[in-house]
Amino acid sequence: MPTFKIAVIPGDGIGHEVVPEGLRVLEAAGKKFGLSFELSHFDWSCEVYAKTGRMMPEDGLEQLKRFDSILLGAVGYPGVADHVSLWGLLIPIRRGFDQYVNLRPVRLFKGVQTPLANRKPEEIDFVVIRENTEGEYSSIGGRIFSGTEHEMAVQETVFTKRGVDRVMRYAFALAQRRRKHLTAATKSNGIIHTMPFWDERFKALAGDYPDVKTDQFHIDILTAHFVRNPDWFDVVVGSNLFGDILSDLGPAVAGGIGIAPSANLNPERVFPSMFEPVHGSAPDIAGRNIANPIGTIWSVALMLDHFGSPQAARAVEQAIEAVCAGGPRTRDLGGTASTQEMGKAIADAI
């Protein structure tokens with residue numbers, strides 16, 4: 001029986017409520033498919049930052065290196081600026097472990113109400129691939145003349161051939177395994193240097209994947225198409241910023257951010273990959289046990305797939321679908337179930 005080492009970081013807010021449900025489902029899938037897990041819990045969070053001035057210890061990445069994967073709940077809480085919490089924990093892990101692929105599936109489950117009129121589950125089923133380590137979220141830049149009329153802030157965008165090519169190749173390969181259609185998000189009509197480069201690399205790499213149909217849209221009209229024509233899409237690849245935007249909009253058209261999972265992948269497996277729900281720490285509902293745990297549970301399914309256990313991953317997804325269709329459901333999905341009730345129902349469905 002293979003044993004996988006998992007670092008568990010609940011983080012902040014509802015992370016402490018949804019992560020236990022993800023682990024409950026992980027255990028159920030492990031029992032059914034002959035997998036075992038060695039869990040180590042870390043209390044790194046905004047609460048720890050308030051006490052120590054750091055989101056994680058100086059040797060945090062060294063501590064995490066020995067694990068096969070990381071399960072993260074949520075990051076952020078009132079009193080700690082978002083850029084402090086994000087750059088103190090999440091982004092150092094993504095970059096330190098070269099997790100250059102951010103994979104975010106979007107799917108409408110039976111029983112989940114979409115805000116789009118007359119759309120059926122088979123019409124909303126696509127994956128957003130976001131470049132995860134460079135692009136618009138570089139740390140290059142600064143501010144000068146602070147506090148004066150001449151104050152100025154500069155933020156540099158960095159696109160490298162290596163960085164662009166590798167995330168696009170991952171997206172092309174994924175499209176080959178799905179419905180053989182890849183869409184690229186761009187804005188080369190307004191961003192004069194980086195986005196034309198992105199377009200050039202997309203066109204060049206497409207020649208290596210002749211079986212994959214390709215198209216591209218400027219980010220502004222692409223967001224409109226996500227709402228008006230979600231059935232057009234199979235795999236969508238975008239830069240760090242554009243992928244971030246699209247991968248929140250996608251779950252919104254599929255019924256809510258509470259069900260959205262993500263995987264921060266180091267495909268070469270040199271470093272651990274990290275799995276987390278797309279939603280934030282939701283301090284407004286934290287401690288009430290009403291948060292939807294599906295985002296975390298579906299992230300666990302992505303983790304199982306990464307571990308090389310696709311059958312276990314599919315079983316988790318099928319259990320999610322069964323509970324969405326038949327209940328119980330949390331309040332955001334129109335039900336009255338608690339976080340724990342929904343998590344237990346999904347685990348039992350496995």
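Would you mention how many residues in the stretch 50-98 are touching a residue at least 60 places away in the same chain (Cβ under 8 Å), over 18 Å from the mean Cα position of the chain (by Cα) and open to solvent by less than 20 Å² (accessible area, probe 1.4 Å)?
Here the count works out to 2.
Conditions first: (1) part of a loop (DSSP other than H, G, I, E, B); (2) surrounded by fewer than 17 Cβ atoms within 10 Å (Cβ to Cβ). H279 passes all but one, so which condition is the exception?
Looking at each condition in turn, H279 falls short on (2).
Do we find a residue being within 18 Å of G343 (Cβ to Cβ), of a type outside the set (F, W, Y), assigned to a helix (DSSP H, G or I) and in contact with a Pro (Cβ under 9 Å, 6 or more places away or on another chain) anywhere in the stretch 258-276?
Step one: of the stretch 258-276, the residues within 18 Å of G343 (Cβ to Cβ) are 258-261, 275-276.
Next cut, of a type outside the set (F, W, Y) only: 258-261, 276.
Right, trim to assigned to a helix (DSSP H, G or I) and you get 258-259.
Now drop any that are not in contact with a Pro (Cβ under 9 Å, 6 or more places away or on another chain), which leaves 258-259.
Yes, because at least one residue in the stretch 258-276 is within 18 Å of G343 (Cβ to Cβ), of a type outside the set (F, W, Y), assigned to a helix (DSSP H, G or I) and in contact with a Pro (Cβ under 9 Å, 6 or more places away or on another chain).
Answer yes or no as to whether G258 is open to solvent by 30 Å² or more (accessible area, probe 1.4 Å) and closer than 16 Å to V75 by Cα.
Considered against the rule, which asks whether it is open to solvent by 30 Å² or more (accessible area, probe 1.4 Å) and closer than 16 Å to V75 by Cα, G258 comes out as no.
Which of the residues that make up the stretch 99-117 are surrounded by fewer than 17 Cβ atoms within 10 Å (Cβ to Cβ) and closer than 21 Å to A322 by Cα?
Filtering the stretch 99-117 down to residues surrounded by fewer than 17 Cβ atoms within 10 Å (Cβ to Cβ) leaves 110, 113, 115, 117.
Within the stretch 99-117, K110, Q113, P115 qualify.
Kindly establish whether R314 is out of contact with any Ser or Thr (no Cβ under 8 Å at 6 or more places or on another chain), free of Cβ contacts under 8 Å to residues at least 24 places away in the same chain and not in a helix (DSSP H, G or I).
no
Listed residues L222, L174, L205, L182; which is in contact with a Ser or Thr (Cβ under 7 Å, 6 or more places away or on another chain) and of a type in the set (A, V, I, L, M, F, W, C)?
Answer to the check: L182.
Among the listed residues V237, V270, V253, identify the single one that is open to solvent by 10 Å² or more (accessible area, probe 1.4 Å), among the aliphatic types (A, V, I, L, M) and in contact (Cβ under 8 Å) with a residue 24 or more places away in the chain.
Criteria check complete, one pass: V270.
So which of T223, T214 ends up being β-branched (V, I, T) and over 22 Å from the mean Cα position of the chain (by Cα)?
Selected residue: T214, the only one of T223, T214 that is β-branched (V, I, T) and over 22 Å from the mean Cα position of the chain (by Cα).
Out of the residues in the stretch 240-250 that are among the hydrophobic types (A, V, I, L, M, F, W, C) and crowded, with 23+ Cβ neighbours inside 10 Å, which is nearest to K110 (Cα to Cα)?
Residue satisfying both the conditions and the ranking: L246.
Looking only at the stretch 317-336, which residues are in a loop (DSSP other than H, G, I, E, B) and either surrounded by 21 or more Cβ atoms within 10 Å (Cβ to Cβ) or out of contact with any helix residue (DSSP H, G or I) (no Cβ under 9 Å at 6 or more places or on another chain) (or both)? Before you say what the answer is, go through the steps one by one.
Taking the stretch 317-336 and keeping what is in a loop (DSSP other than H, G, I, E, B), we get 327-330, 334-336.
Once the filter is applied, which keeps residues that are in a loop (DSSP other than H, G, I, E, B) and either surrounded by 21 or more Cβ atoms within 10 Å (Cβ to Cβ) or out of contact with any helix residue (DSSP H, G or I) (no Cβ under 9 Å at 6 or more places or on another chain) (or both), the stretch 317-336 yields R329, T330, G334, T336.
Only one residue in E27, E21, E38, E47 is in contact (Cβ under 8 Å) with a residue 12 or more places away in the chain, of a type in the set (D, E) and open to solvent by less than 20 Å² (accessible area, probe 1.4 Å). Which one?
Only one candidate qualifies: E21.
Out of all the residues in the stretch 212-219, is one or more touching a Pro at 6+ places or on another chain (Cβ under 6 Å), open to solvent by less than 30 Å² (accessible area, probe 1.4 Å), hydrophobic (A, V, I, L, M, F, W, C) and in a helix (DSSP H, G or I)? Talk me through it step by step, then tell me what you get.
Kept after step one, since they are touching a Pro at 6+ places or on another chain (Cβ under 6 Å), are these residues of the stretch 212-219: none.
So far as the stretch 212-219 goes, no, none of its residues is touching a Pro at 6+ places or on another chain (Cβ under 6 Å), open to solvent by less than 30 Å² (accessible area, probe 1.4 Å), hydrophobic (A, V, I, L, M, F, W, C) and in a helix (DSSP H, G or I).
Among what's in the stretch 186-209 and is open to solvent by 60 Å² or more (accessible area, probe 1.4 Å) and not in a loop (DSSP other than H, G, I, E, B), pick the residue that is farthest from L241 (Cα to Cα).
Among residues in the stretch 186-209 that are open to solvent by 60 Å² or more (accessible area, probe 1.4 Å) and not in a loop (DSSP other than H, G, I, E, B), the one farthest from L241 (Cα to Cα) is K203.
Residue under question is A291, and the condition is that it be open to solvent by less than 30 Å² (accessible area, probe 1.4 Å), touching an Asp or Glu at 6+ places or on another chain (Cβ under 9 Å) and in a helix (DSSP H, G or I); does it hold? Can you show your working first?
Values: open to solvent by less than 30 Å² (accessible area, probe 1.4 Å): yes; touching an Asp or Glu at 6+ places or on another chain (Cβ under 9 Å): yes; in a helix (DSSP H, G or I): no.
So A291 does not fit the description; no.
Give the residues of the stretch 119-156 that are among the small types (G, A, S) and part of a loop (DSSP other than H, G, I, E, B), sorted by residue number. Step through it out loud before you land on a result.
Residues of the stretch 119-156 among the small types (G, A, S): 135, 138-139, 141-142, 146-147, 153.
Correct list: S138, S139, S146, G147.
The values are calculated or read from the model by the stated rules, or taken from the named source; none is laboratory data. Everything numeric here is computed off the predicted structure, so don't read it as measured data. FYI the Cβ positions are ideal-geometry reconstructions off the backbone, even for glycines, and counts take in every protein chain you see. What goes into the accessible areas is simple: the full protein's heavy atoms, side chains included, and nothing from ligands, DNA or RNA. Shrake-Rupley method; radii C 1.70, N 1.55, O 1.52, S 1.80 Å.
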